[in-house]
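Student: Below are the structure tokens for one structure; questions will follow.
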Amino acid sequence: MCIFCKIANKEIPSYIIYEDDKFLAFLDLSQVTIGHTLVVPKKHFANLLELDEETAKEALNVTRKVALLLKEKLNVFDFNIVNNCGEKAGQSVHHFHIHIIPIYKKGDLEFNAQSNKLSEAEFKKLHNKIIK
Ligand code: AMP
Ligand code: ZN
């Protein structure tokens with residue numbers, strides 16, 4: 001059984017800050033910023049793409065509720081909401097989860113990737129590849 005299934009089953013302890021019949025939110029053991037929280041469905045799905053539609057919708061709703069809780073209790077007004085989907089994207093626990101990372105000041109969480117400068121032709125080609 002995966003580590004988040006064990007947390008959902010209360011087989012291993014966690015700092016749960018929100019719970020309903022289908023979801024849990026608990027403090028990430030590695031706090032990128034203070035209040036860094038994970039929103040996790042109790043049922044096991046490997047990643048975002050594996051979710052059913054209902055769970056996908058509910059996950060965003062729960063994320064919003066938990067962010068509002070953190071806003072109220074920690075007096076924080078900005079957040080990065082992150083999902084790492086797949087190994088190369090940095091997913092280390094293969095049970096779907098959303099990171100809620102409170103942002104207290106600019107630079108609390110850096111995304112260092114450089115952006116690609118595409119020409120008009122390249123944009124058109126890319127757009128067509130996706131929509132056709
Ligand atoms: P990701 O890299 O997106 O798969 O995120 C997995 C996250 O789970 C990491 O930020 C870990 O710090 C966190 N994590 C792993 N084990 C636990 C645990 N037992 N309790 C709380 N957070 C955990
Ligand atoms: Zn699991």
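Throughout, read-outs are computed from the coordinates displayed, never taken from laboratory work. Because the structure is a prediction, the values reported are computed rather than measured. Note that we place each Cβ from the backbone using ideal geometry, even for glycine, and neighbour counts take in every protein chain shown.
Student: Past 28 Å, Cα to Cα: identify those pairs from 10/105; 65/129; 73/106; 65/105; 106/129, in the order given. Numbers along the way, then the final one.
Tutor: Numbers: 10/105 34 Å; 65/129 37 Å; 73/106 20 Å; 65/105 22 Å; 106/129 36 Å.
The pairs that break the limit, which is 28 Å between Cα atoms, are 10/105; 65/129; 106/129.
Student: Continuing with the same structure: How far, in degrees from 0 to 90, does helix 120-131 lean away from the longest principal axis of the Cα atoms of the chain, to the nearest 10?
Tutor: 50
Student: Can you list the residues of the range 85-118 with backbone N under 19 Å from a point 7 Å past the Cα of residue 18, pointing along Cα to Cβ?
Tutor: Taking a point 7 Å out along Cα→Cβ of residue 18, the residues of the range 85-118 whose backbone N falls under 19 Å are 95-104.
Student: Mean separation of Cα pairs under 8 Å and 6+ residues apart, divided by the residue count of the range 37-132: what relative contact order is that in percent? Kindly include the intermediate steps, with their values, before the conclusion.
Tutor: Working: 86 pairs, mean separation 32.8, N = 96.
It comes to 34 percent, rounded to a whole number.
Student: About the Cα centre, and with charges only on the beta carbon of Lys, Arg (+1) and Asp, Glu (-1), how big is the dipole of the chain? Nearest 20 debye, please. Spell out each step's value before the answer.
Tutor: On the way: 18 positive and 17 negative charges, 73 e Å.
Dipole of the chain, to the nearest 20 debye: 340 debye.
Student: Skipping prolines and chain starts, which residues have an amide H placed within reach, meaning under 5 Å, of the one on residue 17, given they are 5 or more residues away or on another chain?
Tutor: Result for residue 17 returns 25, 26, 27.
Student: Treating the angle as unsigned and between 0 and 90°, give the value, to the nearest 10°, between the Cα long axis of helix 53-74 and the longest Cα principal axis of the chain.
Tutor: Approximately 70 degrees, to the nearest 10.
Student: Residue farthest toward the positive end of the dipole of the chain, with Cβ of Lys/Arg at +1 and Asp/Glu at -1: which of 96, 44, 130?
Tutor: 130
Student: Could you calculate the contour length gain from residue 61 to residue 103, that is, 0.36 nm times the residue separation minus the distance between their Cα atoms, to one decimal place in nm? Numbers along the way, then the final one.
Tutor: Details: separation 42, 0.36 × 42 = 15.12 nm, distance 1.98 nm.
Gain in length upon complete extension: 13.1 nm.
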